[in-house]
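Right, one structure below, let's go through it.
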Amino acid sequence: MKQSNRKPTLILIVTVGLLLICVYWAIDPENSYFVPKCAFKMMTGYDCPSCGSQRAIHALLNGDVVKAVKFNPFIFLIAPYLLILFYVMLSTNIFAQRIRYYAYNRITIIVYLLLYFLWWILRNTPLWHNVLNSI
């Protein structure tokens, strides 16, 4: 990305991000027709790895961490990595250049993909539902 395009892109991303934060703070995805529902769950009846993320974000923005963990604990593992990816993509400073290697490293990506698919399987087992009921 050219240096001249970087600032407008950053402004757009920050603006859209702040708008989404306001929307998810104000609107409860569980009780809203405005927020899209999971197509995978509607078609199969099973939870996808991201199911509950919108509700978890809403709960977090409203100060309910326990409820957020119940909706989707995986969000606490993937969110830091996604933030690092955005930072590395948008920043040109030396720190971003140093962590770019680790963020885009094949092993890092494989580990996150394995965790993603393991979470997808685990959350659709009776074991996970027992854990949820005990929280």
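The values are calculated or read from the model by the stated rules, or taken from the named source; none is laboratory data. Owing to the predicted nature of the structure, the values given are computational and were not obtained by experimental measurement. Cβ: placed from backbone, ideal geometry, glycine included. Neighbour counts: every protein chain shown. Keep in mind that these areas ignore ligands, DNA and RNA; they rest on the heavy atoms of the full protein, side chains included. Shrake-Rupley method; radii C 1.70, N 1.55, O 1.52, S 1.80 Å.
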Evaluate the range 34-54: report whether one residue or more is part of a loop (DSSP other than H, G, I, E, B), touching a residue at least 40 places away in the same chain (Cβ under 8 Å) and over 17 Å from the mean Cα position of the chain (by Cα).
yes
Residue count for the range 6-33, restricted to those that are open to solvent by 70 Å² or more (accessible area, probe 1.4 Å) and in a loop (DSSP other than H, G, I, E, B)
1
Consider C48 against the criteria (1) touching a Pro at 6+ places or on another chain (Cβ under 9 Å); (2) open to solvent by less than 60 Å² (accessible area, probe 1.4 Å); (3) farther than 21 Å from L83 by Cβ: it satisfies all of them except one. Which criterion is unmet?
(1)
Would it be correct to say that I57 is in contact with a helix residue (DSSP H, G or I) (Cβ under 9 Å, 6 or more places away or on another chain) and either in a loop (DSSP other than H, G, I, E, B) or of a type in the set (V, I, T) (or both)?
yes
Select from the range 60-75 the residues that are part of a helix (DSSP H, G or I) and either open to solvent by 60 Å² or more (accessible area, probe 1.4 Å) or of a type in the set (S, T, Y) (or both) and list them in ascending order.
L60, L61, V65, V66, K67, K70
Residue check, I84 farther than 30 Å from P126 by Cβ and at pLDDT 95 or above:
no
Just the residues that are more than 25 Å from S53 (Cβ to Cβ) and either of a type outside the set (D, E, K, R) or open to solvent by less than 70 Å² (accessible area, probe 1.4 Å) (or both), please, taken from the range 92-104.
T92, N93, I94, F95, A96, Q97, Y101
Output yes when any residue across the range 76-95 is more than 28 Å from P8 (Cα to Cα), over 14 Å from the mean Cα position of the chain (by Cα) and part of a helix (DSSP H, G or I), and no when none is.
no
Restricting the range 34-45 to residues that are hydrophobic (A, V, I, L, M, F, W, C) and out of contact with any Cys (no Cβ under 8 Å at 6 or more places or on another chain), which is least open to solvent (accessible area, probe 1.4 Å)?
V35
Tell me the residue from I75, I99, I135, I84 that is in contact (Cβ under 8 Å) with a residue 40 or more places away in the chain and touching a helix residue (DSSP H, G or I) at 6+ places or on another chain (Cβ under 8 Å), please.
I135
